[in-house]
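Just below is one structure, and these are the notes that go with it.
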Amino acid sequence: MTIAGLEPCTQRVAPRRLLALLAVAALLVLLSGVTSPVAQAAEPQVDVQRELAAIRELMRQSQEAYRAGDPETALRLARQAYLDHFELVEIPLRIIDPNFTLEMEYRFAEWRNQIEAGAPAAEVNATVQELERGLDEVEALFEGPGLVAPTLVTVASFSILFREGIEVILVLAAILGYIQTQNPQLRRPLWWGAGLAIPASVLTWFVLNWLLRMAPIGREVLEALVSLLAVALMFYISFWLLRRLDIRRWMEFLRAKVWDAVAVGNTGAVAALGFVSVYREGAETALFYQALLLIARRLELWIVLGIGLAALALGVIGWAIISLGARLPLRAFLGAAVAVIMLLSVGLLGNAVWELQQIGVIPMTLLGDSFPRFNRFLADLLGLHATLETVAAQSLLLLIYLAAWLYVFWWQPRGAGTWRRQGTGAG
């Protein structure tokens, strides 16, 4: 066979080989570019963790010197923290978030200026606390959120709206079921009242957000108060729901609450009933999301994702229950939602205790290296701080929840049997 005879085959094979080589080259290029900006910024020449640890130690020494009446040493240590360490961190940090880098520069400058001006120790301490927060955010930026923290945030966000929404659906279903048999003309005012409660709930969120920004108290105190209030509400709601995971009993409870109001037949009263039934849950939801935002900084998009998924699920379930009269496994839904809310309240409690420790309200006993190190996003979300007080408070609340859960599902004389025998559904 001549060379000419091989030419057509070669012409067919060569393009294939060329395409394969191009595909391999493109894959290598893609793989080389997969590294995120955080990873690209955090090159080995800058050990961010070591530099941040050095900054924190110098900040502690500077504070001790300032309280001891030695502003010169305090100022020298403050300058050393910035010039010898934070300037190294700034190099990769500018690539990730240049605006935040500039903000941190201002915070360091304000700290030094306060020391030079002989400001009261309380003011200097407040600035140092803001710097501590900033260093925590820097650490989180270099670590990245990972997979666990965004997943937990999404699940928590979903569970907040889903739990509140399920309660609204069941209340409205009970009211509508009674109206349908007694006075069907009252359906419209009920829907008008319920519909107006939704924008009112959104407005409540904005008002809460504004009040939190304008409140004349420190940020740490404010965050601690919001977190503690949310924990108290979640604690109450969790036990309230655990007592009513028996759906038949819950529906009897709901009907007993609403039938008297519907029996009056007053249009305004029914509209008000619809508004209050929805707005009560909406106001709680607004507070819970405010608390979640405090512990899920830079994970706001995952909160929005959880809200969207919950709204979609509630739309489907509401249509199935109210329009079709479907029987759904609401006990399983509510049980899972209660578990997530319990976990979220444990995280909020840990962060509340930590905030109160930062301002000196609660003593701080550091656990040091005996406490495992977690991803910064995950630690903030679950309130995992290396102090004996936060761990003790969270452990106590967790044990209370565990005991309540075991009692409802295992030790309650009639609860466990009822749970297993009854069918699923809302009717």
Only one of Gly415, Gly318, Gly360, Gly335 is at pLDDT below 70, in the same structural domain as Ile166 (by TED's automatic domain parsing) and either farther than 23 Å from Arg298 by Cβ or among the charged types (D, E, K, R) (or both); which? Gly415
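Looking only at residues in region 104-119 that are part of a helix (DSSP H, G or I) and small (Gly, Ala, Ser), which one is nearest to Leu88 (Cα to Cα)?
Among them, the one singled out is Ala109.
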Looking only at residues in region 371-388 that are among the charged types (D, E, K, R) and either within 11 Å of Asn351 (Cα to Cα) or in a loop (DSSP other than H, G, I, E, B) (or both), which one is modelled with the lowest pLDDT? Arg373
Residue tally, condition among the hydroxyl-bearing types (Ser, Thr, Tyr) and surrounded by fewer than 21 Cβ atoms within 10 Å (Cβ to Cβ), over region 156-195: 2
Selected residue (criterion: nearest to the chain's Cα centre (by Cα)) from residues of region 150-183 that are polar (S, T, N, Q) and at pLDDT below 85: Gln180
Cβ-Cβ below 6 Å, separation at least six or inter-chain, first residue in region 80-91 and without any contact (Cβ under 8 Å) to a residue 24 or more places away in the chain, second crowded, with 16+ Cβ neighbours inside 10 Å: which pairs? Gln80/Leu58; Glu90/Thr101
Being more than 23 Å from Glu355 (Cβ to Cβ) and in the same structural domain as Ala54 (by TED's automatic domain parsing) is the requirement here; does Ala117 meet it? yes
Residue in region 382-389 that is more than 18 Å from the chain's Cα centre (by Cα) and over 22 Å from Ala140 (Cβ atoms) present: yes
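The values are calculated or read from the model by the stated rules, or taken from the named source; none is laboratory data. Quick caveat, the model's predicted, so the values are computed rather than measured. All Cβ positions, even for glycine, are placed from backbone atoms using ideal geometry, and neighbour counts span all protein chains on display.
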